[in-house]
1. Tell me which residues, restricted to the range B:38-78, are in contact (Cβ under 8 Å) with a residue 40 or more places away in the chain and more than 19 Å from A:LEU24 (Cβ to Cβ).
2. Out of the residues in the range B:33-57 that are at the interface with another protein chain (Cβ under 8 Å from one of its Cβ atoms) and over 9 Å from the mean Cα position of the chain (by Cα), which is modelled with the lowest pLDDT?
3. I'd like to check something: does the range B:167-187 contain any residue that is of a type in the set (D, E, K, R), in a helix (DSSP H, G or I) and within 9 Å of chain A (Cβ to nearest Cβ)?
4. Tell me yes or no: at least one residue of the range B:91-103 is within 17 Å of the chain's Cα centre (by Cα) and either within 14 Å of chain A (Cβ to nearest Cβ) or of a type in the set (S, T, N, Q) (or both).
5. If the requirement is being among the aliphatic types (A, V, I, L, M) and within 14 Å of chain A (Cβ to nearest Cβ), which of these qualifies: B:LEU88, B:LEU109, B:LEU83?
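The values are calculated or read from the model by the stated rules, or taken from the named source; none is laboratory data. Since we're looking at a predicted model, the values are computed, not measured. Neighbour counts are summed over all protein chains in view; Cβ atoms, including those assigned to glycine, are modelled from backbone coordinates with ideal geometry.
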Amino acid sequence: MNEQARDSFEERSHALFQGSVDSLDFALRSRLTQARSAALDAAAAASRRPWFLRKFSWTPAAGVTAAAVLGAALWFGPLGHPNVTAADAPSLEDLEIVASSDEGSGDTMDMLQNDIAFYDWANNAANPGPAA
Amino acid sequence: MPRFDTLNPAWVVWDGPSPAPEGAVLEYTRELEKFLADIERRAFRMAQVALRDPDDALDVVQDAMLKLACKYAARPNAEWRPLFYRILENGIRDLQRRRSVRKRFMAWLPGTREDPDNEAQDPIDNVADAAPAIPERLMQAQAMQQLEASLRALPARQREAFMLRNFEGLDVAGTAAAMGCSEGSVKTHYSRAVHSLREQLGEVW
């Protein structure tokens with residue numbers, strides 16, 4: 001193929017394309033104009049934002065923050081439920097001693113009965129009544 | 001919708017916290033309006049050749065306009081054309097990728113079938129045109145359709161190189177900037193594209 005043939009082919013292609021551009025109908029031209037205006041309107045709206053919002057998007061930062069908060073919540077335990085350790089848990093052993101009413105282990109009631117004079121004095125000292 | 005002339009010209013990108021000089025902004029606005037008005041129809045046709053669907057082509061062109069106006073308006077005017085076409089080609093590629101993914105996904109769903117050519121039939125297309133067709137214009141339209149079909153059969157990079165060089169008239173350096181490759185690659189892609197097209201269309205043309 002010689003250079004002339006190549007040129008004619010390219011020229012014909014270009015002419016055909018230009019013809020198809022020129023023959024775009026009015027409705028399509030109108031839509032293109034509207035698209036241009038819409039794009040420029042959107043650009044205008046974006047430019048009215050403050051410069052620090054315009055420079056970069058906050059979306060990634062917000063996503064990272066949310067992920068960090070979620071991770072912290074999962075790591076440190078569910079929200080609203082403070083950690084319960086073994087030391088804080090109610091001891092069943094202590095409860096058993098207090099509630100015990102077995103015949104051979106009535107130490108609590110015995111202790112209360114033996115010191116009843118002391119508790120009576122303590123009550124009077126804490127709530128001094130009118131002198132008799 | 002308000003005409004572009006009535007828009008507030010202060011939208012043009014200005015990086016500094018202080019307001020841009022009004023005269024400079026006005027100049028940018030006019031230049032950009034002129035540039036976009038000049039380029040939009042060719043850009044649309046090129047997008048339509050690649051995507052077939054006029055609505056998709058319109059969306060891609062509008063996105064390219066928006067990105068150029070928002071991000072690159074302050075760049076020198078000489079850079080607008082390659083920048084615009086780079087944005088446009090990226091948009092076309094993204095859309096084609098999304099289409100292929102959607103097609104693959106839709107193939108798994110029972111009872112769904114995409115239109116084979118992705119061209120929904122518009123009833124208005126079937127209405128006879130009242131004006132008599134001019135034979136010469138009809139022949140040109142047919143030739144353009146054949147050219148479009150052959151272009152779609154080309155590899156994407158060859159098609160891009162051909163359209164940017166031949167249709168848009170960009171030089172090698174501008175085409176390389178728009179395609180994001182070296183000038184040598186542009187020459188190779190363009191040469192192969194012309195060779196393939198001539199082989200396919202030689203008999204018809």
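1. Just the residues of the range B:38-78 that are in contact (Cβ under 8 Å) with a residue 40 or more places away in the chain, to begin with: B:39, B:42-43, B:45-47, B:49-53, B:69-74, B:77.
If the condition is that a residue be in contact (Cβ under 8 Å) with a residue 40 or more places away in the chain and more than 19 Å from A:LEU24 (Cβ to Cβ), then B:ALA69, B:CYS70, B:LYS71, B:TYR72, B:ALA73, B:ALA74, B:ASN77 are the ones that fit.
2. Within the range B:33-57, the first condition is being at the interface with another protein chain (Cβ under 8 Å from one of its Cβ atoms), and the residues that meet it are B:33, B:36-37, B:40-42, B:44-45, B:54.
Add one more test, that the residue is over 9 Å from the mean Cα position of the chain (by Cα), and what stays is B:33, B:36-37, B:54.
On the way: B:GLU33: 83, B:LEU36: 93, B:ALA37: 92, B:PRO54: 91.
Ranking the candidates gives B:GLU33 first.
3. Looking only at the range B:167-187, we keep the residues that are of a type in the set (D, E, K, R), and these are B:168, B:171, B:183, B:187.
In the following step, the residues that additionally are in a helix (DSSP H, G or I) were identified as B:183, B:187.
Subset that is within 9 Å of chain A (Cβ to nearest Cβ): none.
No, the range B:167-187 has no match at all.
4. Yes, there is a match, as at least one residue in the range B:91-103 is within 17 Å of the chain's Cα centre (by Cα) and either within 14 Å of chain A (Cβ to nearest Cβ) or of a type in the set (S, T, N, Q) (or both).
5. Values: B:LEU109 fails: within 14 Å of chain A (Cβ to nearest Cβ); B:LEU83 fails: within 14 Å of chain A (Cβ to nearest Cβ).
Within the list B:LEU88, B:LEU109, B:LEU83, the selection yields B:LEU88.
Residue-by-condition table, conditions (1) at pLDDT below 90; (2) within 23 Å of B:ARG45 (Cβ to Cβ):
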{"position": "A:GLU11", "(1), (2)": "no, yes"}
{"position": "A:ALA27", "(1), (2)": "no, yes"}
{"position": "A:ALA38", "(1), (2)": "yes, yes"}
{"position": "A:PHE52", "(1), (2)": "yes, no"}
